[in-house]
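Inspection log for the structure reproduced underneath, given as structure tokens.
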Amino acid sequence: MILMKDIHKTYPNGVTALNGVNVDIKQGEFVYIVGPSGAGKSTFIKLMYREVKPTAGTIIVNEIDMSTIKEKKVPFLRREIGVIFQDFKLLPKLSVYENIAFALEVIEESPRNIRKRVMDVLELVGLKNKARFIPDELSGGEQQRVSIARAIVNHPKIVIADEPTGNLDPDTSWGIMKTFEEINARGTTIIMATHGKEIVNTIKKRVIAVEDGLIVRDEHRGEYGYEI
Ligand code: ADP
Ligand code: ADP
């Protein structure tokens, strides 16, 4: 599903963020990416949806070789991958419904199908009654649910989340994690960078630890392993 071979990434300013990373993630896995700030976690996950290109090495996602993929094909790849951010990145002037429907507009779907898919996904994240709200009218946890709904409305095979609970209080974070577990239970691969020590140590999954641009630990049902 996701295969990296000897991946290096040096940014144009000369900073080396990754220095020889190898990984193999199978369909349906749930993987936490942990490590100190500046370790290379974001770079590692941005490579998976081609937000960042490697300086050297091979990455295969969904059987597509990301090093040779044509620029034109990148939007198709993105449809197979849902991305969720710490700061939600919702469009502030659009309603919850429109924020999610927007993700479907690139696809040729009938209005009736779009309506059904948006309402189904809102039901899954428990926000059916807030379809007409704008993001500012929602709590942080609710905004994150909208961004999860947006990420999964195309039924992607992979969901990538960069510190999705980083801005949320503990209670809200556990609720968000439940939603990720439900999405994973449907067969979707989940890759999540996180500083949530209690979450990682309680909801046990594969843990990949990144330090100084290298994978220093890769464990099935692993521990968070850092103090903060
Ligand atoms: P983490 O997510 O673990 O905090 P990052 O992947 O964001 O780590 O960063 C790894 C290193 O790469 C850091 O030294 C960071 O400053 C640097 N870096 C990240 N993005 C860029 C960029 N766009 N340009 C230059 N340096 C970057
Ligand atoms: P939290 O407990 O996460 O801090 P809030 O207190 O911000 O949540 O919001 C609690 C509820 O009130 C949420 O369901 C939210 O949708 C609703 N709400 C908050 N602000 C507004 C607003 N300006 N207009 C309408 N509903 C709002």
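The values are calculated or read from the model by the stated rules, or taken from the named source; none is laboratory data. Since the structure is predicted, the reported quantities are computational estimates derived from the model, not experimental observations. Because the Cβ atoms are built from the backbone with ideal geometry, glycine has one as well, and the counts that use them run over all protein chains shown. Just so you know, the surface numbers come from the protein's heavy atoms only, side chains and all, with ligands and any DNA or RNA stripped out. Shrake-Rupley method; radii C 1.70, N 1.55, O 1.52, S 1.80 Å.
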Task: Coil-residue GluC sites (Glu not before Pro) of region 23-79, DSSP, other Cβ within 10 Å capped at 10 - done: 63
- [ ] Using amide H atoms built 1.01 Å from N in the peptide plane, name the residues 5+ places from residue 20, or on other chains, whose amide H lies under 5 Å from its own.
- [x] 7, 8, 9
Task: Linear extension gain, residue 22 paired with residue 116, 0.36 nm per residue minus alpha-carbon span - done: 29.8 nm
Open item on the list: With θ taken as phi - 60° and the coefficients 6.51, -1.76 and 1.60, list the Karplus ³J(HN,Hα) couplings across region 15-30 in order, rounded to whole Hz; mark glycine and proline as x.
Closed with: 6, 8, 8, 9, 9, x, 9, 10, 7, 9, 10, 8, 3, x, 6, 10
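Compute the accessible area per residue over the chain, keeping the other protein chains in place, probe 1.4 Å, unit Å².
Numbers: 11530 Å² over 228 residues.
Ligands and nucleic acids excluded, the result is 51 Å² per residue.
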Task: In sequence order, calculated HN-Hα J values of region 181-193 (Karplus, 6.51, -1.76, 1.60; Hz; x Gly/Pro) - done: 5, 5, 5, 5, 5, 7, x, 7, 6, 10, 10, 9, 6
Task: When each of 70/93; 41/157; 72/178; 89/204 is checked by Cα-Cα distance, pairs over 30 Å - done: 70/93; 72/178
TODO: Would you mind putting 121-131, 166-176, 141-151 in packing order, based on average other-beta-carbon counts within 10 Å, highest first?
DONE: 141-151, 121-131, 166-176
Open item on the list: Relative contact order of the chain, please, whole-number percent, based on alpha carbon pairs below 8 angstrom and at least 6 residues apart.
Closed with: 29
Open item on the list: Taking amide H atoms as placed 1.01 Å from N in the peptide plane, list the residues 5 or more away in sequence, or in a different chain, whose amide H sits under 5 Å from that of residue 224.
Closed with: 201
- [ ] Quick one: accessible surface of residue 32, probe radius 1.4 Å, all protein chains present, in square angstrom to the nearest 10.
- [x] 0
Task: In Å², nearest 10: area of residue 85 left accessible to a 1.4 Å probe - done: 50
Task: From phi via Karplus (6.51, -1.76, 1.60), per-residue ³J(HN,Hα) for region 108-114 in Hz, x at Gly/Pro - done: 7, 10, 6, x, 5, 5, 4
Task: Amide proton proximity set for residue 82, modelled H, under 5 Å, gap of 5+ - done: 158, 159, 160
Open item on the list: Give the separation of the Cα centroids, region 85-149 to region 20-43, in Å.
Closed with: 28
- [ ] Using a 1.4 Å probe over the heavy atoms of the protein chains, calculate the carbon and sulfur portion of the accessible area of region 1-139 as a whole percent.
- [x] 52
- [ ] Would you mind calculating the relative contact order of region 115-228 from Cα pairs under 8 angstrom and at least 6 residues apart, reporting the percent as a whole number?
- [x] 20
Task: Full-stretch length increase - residue 53, residue 80 - with 0.36 nm per residue and alpha-carbon distance subtracted - done: 7.9 nm
